[in-house]
Each structure stands twice: as structure tokens, then as C-alpha cells.
Amino acid sequence: MANRKLIAGNWKMNGLLADARARIAAIVSGADATPGVDLAICPPATLLAAARAALADSPVALGAQDCHAKPSGAFTGDIAAPMLAELGCRYVIVGHSERRAGHGESDATVKAKAEAALAAGLTPIICVGETLAERDSGRALAVVGAQLAGSLPAQGAIVIAYEPVWAIGTGRVAEPPQVVEMHAHLRAVLVKVRADGAATRILYGGSVKPDNAKSLMHVANVDGALVGGASLDAGQFLAIAAGAAND
Ligand code: PGA
């Protein structure tokens, strides 16, 4: 049986209070039109408290974009997973390629963050994905499989997001056969190393838009989407969710 789909919006470093409130209100008012699909938004940390209030009594879950591996301590500027849990987060993205590349995060760091998230009662959305050079040299499956194996906590409910780096924010989307192949590979890794491997949701991310959501979301082993740019537009975000709903 197919896993229930999750459409998660990664707002990245975008949003001030007024536009965030308006966007969330629009998402909440349209959320009932996408039954059968779970929705989550991951605004910047500065907006989490306001987002929690705006999402109250709605089916839309709240997520954060990163957490530290330690529950507290002398880590200026960082945010710990228990802090996010206290703010009402259900999810936290860890290991996004923008953090792996821009902040030097290794698989071991990502795994430690995912474990910290789980310890705080959050569900980590663990991101993996190859660069264009890695794909062009035929190493995509090996690279991403190794990233996944190195980033996975041994147990606890997780979500995986496959995001080819070359498809993020570029408008260039992976072709369905590439997604089929990679998601089957990731599923095989998950099933091999974790008891809940078949039920673990594997999201696709990278230039997901309303016009490609339907074809991408109905590929085998695709259990939803991690949406960047299009999640900043409530109408587009909801249209992607509608496209993802099981027929
Ligand atoms: P994009 O970003 O949808 O803008 O390509 C996806 C992501 O980075 O999560």
C-alpha cells in the first residue's frame, strides 16, 4: 500500500511577519481541499512562534529548517531541537544541501542532528542528493545511497527527502525515470537497514511546481515533496498538494 503523501514547504530564509501571516492564512483556508495529503510548512526560526499561532486548529503541521545536534550549550546562534519542539514543531529539516555545502555538514553531523530531533520528539526530514558532476559521472546512486546510509539514525520515525542539488532552485527538474531509479535505490537501502523501511516516506525535492507535481508525485516510492520556491506562494503550494493526492 502506498504511504500517505507529505507535502512540506521549505521557506528557506524568506518571510517577514506580515507576509508570512497572510501566506499561512491562505494555506490554512485551502488545506481542507487536499484531503489524503499531509501538509507542513517550515518557515525561518524567527516566524515559528507566529506560525504556530496561525496554524492552531488547522491540519497543517509546523517544521523548522535545521537544529543543533546538542540539546543545549555554548553554541552561539544555533537552535536546539527541544526548543523547536517547545515551539510546536513536528518536523525539522536536517542535512539540506544548502547546509551540507554552505555550512560544511557531514553525514555524521546530519545523523547527529536527526538523532537530536528524534530525542526531542520531532520527526527529522533528512535530505540527500547528488551534484551535477556526481550525476554526470554516473555516481549518483552510489553517492546518494552512501549519504543516506551515513545520515540515518538506527531507529525512530523519519522522513527522507531526495533532492538532486542540480534541481534545487534551478527550474530544472529530475526526469521521472531518474526519480524512479533513485527512489527505488533509497527504498532498498531503507528496507535493508531499518525495520520501518517500507513505511518511511521518501519525498522528492527540486523545482517541484504545480505543473510537474502530478507526474512526479505518482512515481513509485515517491511519498510527497519538499517544496522550496513554490511554497512561498500559497496557491502554488496548495496546487502541488492537490496534484499529489492519490487518485
Ligand atoms: P526548490 O527548493 O523547490 O526551490 O527547488 C527545494 C528545496 O531546496 O527544498
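The values are calculated or read from the model by the stated rules, or taken from the named source; none is laboratory data. No experiment lies behind these values; they were computed from the predicted model shown. FYI the Cβ positions are ideal-geometry reconstructions off the backbone, even for glycines, and counts take in every protein chain you see.
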Mind checking which pairs have a first residue in region 1-25 that is within 20 Å of ARG201 (Cβ to Cβ) and a second that is among the hydroxyl-bearing types (Ser, Thr, Tyr) and within 16 Å of the ligand (Cβ to nearest atom), Cβ under 6 Å, 6 or more apart or different chains?
GLY9/SER231
Unmet requirement for ARG90, which otherwise passes all of (1) without any contact (Cβ under 8 Å) to a residue 40 or more places away in the chain; (2) surrounded by fewer than 17 Cβ atoms within 10 Å (Cβ to Cβ); (3) under 29 Å from ALA50 (Cβ atoms); (4) not acidic (Asp, Glu)
(1)
Could you please find all residues in region 119-143 being farther than 19 Å from VAL165 by Cβ and either at pLDDT below 95 or surrounded by fewer than 18 Cβ atoms within 10 Å (Cβ to Cβ) (or both)?
ALA119, GLY121
Of the numbered conditions (1) touching a residue at least 24 places away in the same chain (Cβ under 8 Å); (2) more than 30 Å from ALA25 (Cβ to Cβ), SER207 fails exactly one; give the number of that condition.
(2)
Mind listing just one residue for me: the one in region 210-221 that is touching a residue at least 40 places away in the same chain (Cβ under 8 Å) and either over 14 Å from PRO177 (Cα atoms) or more than 14 Å from the ligand (Cβ to nearest atom) (or both) and, of those, surrounded by the fewest Cβ atoms within 10 Å (Cβ to Cβ)?
ALA220
Looking at region 222-243 only, could you name the residues that are within 15 Å of the chain's Cα centre (by Cα) and more than 10 Å from the ligand (Cβ to nearest atom)?
VAL222, ASP223, GLY224, PHE237, ALA241
